[in-house]
Amino acid sequence: MAFSVKQVQELKKDVDPRHLRSREVNGRELAYIEGWHAMAEANRIFGYDGWNRETVESKCVLSRENRGSAHLTVYTAKVRITVRAKDQVIVREGHGTGEGRGSSLGEAHDFGLKAAETDATKRALATFGKPFGLGLYGGLTTPHRQRALAGYAGEGPLDAPSAQPVALPPDDTTPIPRPSRYYGRSEDVVTRDRRQATRQPSGNSVTDTPLAPVDADPSETTPGKIDKSALTIGAPRRLRDKSHLRFVASHPCLICGRQPADAHHIQFAQPRALGLKVSDEYTVPLCRTHHRELHQAGNEKAWWEKSSQRPLEVAERLWRKSRAKLYPAVGGRS
C-alpha cells in the first residue's frame, strides 16, 4: 500500500461534525463540507508538498445579464488531484458545477469559475476517503452525521431525543440554477396566459373569475384559450403540471438509481418551439450527474440509445401513474 499506516487511519475517520454544513435542495437537506476544509485536510493528511491540484478543463455553459445590473454565469470544471505516496503517484479526477452572480460580468465569471473548481476539487478528494466527505454519500446515517444534523454540540448521548436519525440523499451536488424568468418577462408564459384567461370584462372594469380548483386536471384546455391541437394544422399540446414533475422527481434516476432526481424533459418527444419545452408528460427522472451529462451530449437520441433505455415508454408509464394518483376521482385523466 502506498499510504502510510497513519495516513490510512486518518482516511478512515469520519468528518468532524463541527465542519459539516447543510443546505436545502428540492425540499431535501444535504450535508457537505466547505472547499477550504477539504484542502486543509489534504494538506494535513498528504502533506503540504505531497499533493497538487490541476484544473484540466473549464467551460462557461451559461452567461447572461438579469434584469437591472446583476449578471449570472454557470461554469463546469474538471479537476485532477495528484497525490505522491512513497514511490507511487495516485491520480484522481472530479467534475463540478458552479454559479456566479455579480454586479459586473467579470465578477460573475470569477465567482462561477471558482465555485465550479471548488466543487470538482471536493469530488476528486472525496474518492480518497471519509475526511473529504465520502461518508456523506451513503444512504444510512452515521453517528457523526446524526450529531451534525441534530445540532449536536459535543454533550449528551447520541440516542438523545434531540438527535433523531435523518437519512440523507446520496447525491450531494451543486444545484443548477433554473431561472423562471427569461428575456425580462415578469412571469412565465403559461402563468401569464392562465391569469389572463381567468379575467373577464364587466362593464368598464375587469373582475377576476374564480380560479380552477387546486386538484383540477391541468391537461384540460384553459377556458378562453384556443386549443391549437384541434386546428386543421394542429400544434402539439404542451401540458404543464408541477405536481407531475414532483412525482417524476420522487423516483430514482433511470440510469443509476440515485436520488434525488430531476424531471428531465425528453427534447425529441415533440417538435422544437422557440422558448418552449416539450409537454410535461414527456419527462423521466435523472440524477443531477446524468442530467448534466445528457444536456452536454448534444445528441439526445444517441445518448439514450447508448444507455439502452426507452425514455418515451417510461415517461408514458409515469404519466399514467401520476394521473391515477393525483386525480383518482376522475379515474386518472390523461
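Any read-out appearing in this document is the output of simple, stated calculations on the displayed coordinates, not a laboratory observation. Since the model is a prediction, treat every value here as computed from it, not as a measurement. Positions of Cβ are generated from backbone atoms using ideal geometry, with glycine treated the same way; all protein chains shown enter the neighbour counts.
Here the convex hull built on the C-alpha positions of region 228-330 has a volume of 117 cubic angstrom per residue.
Peptides 21-34, 244-257, 113-126, ordered by how many other C-beta atoms sit within 10 Å of their residues on average, highest first, read 113-126, 244-257, 21-34.
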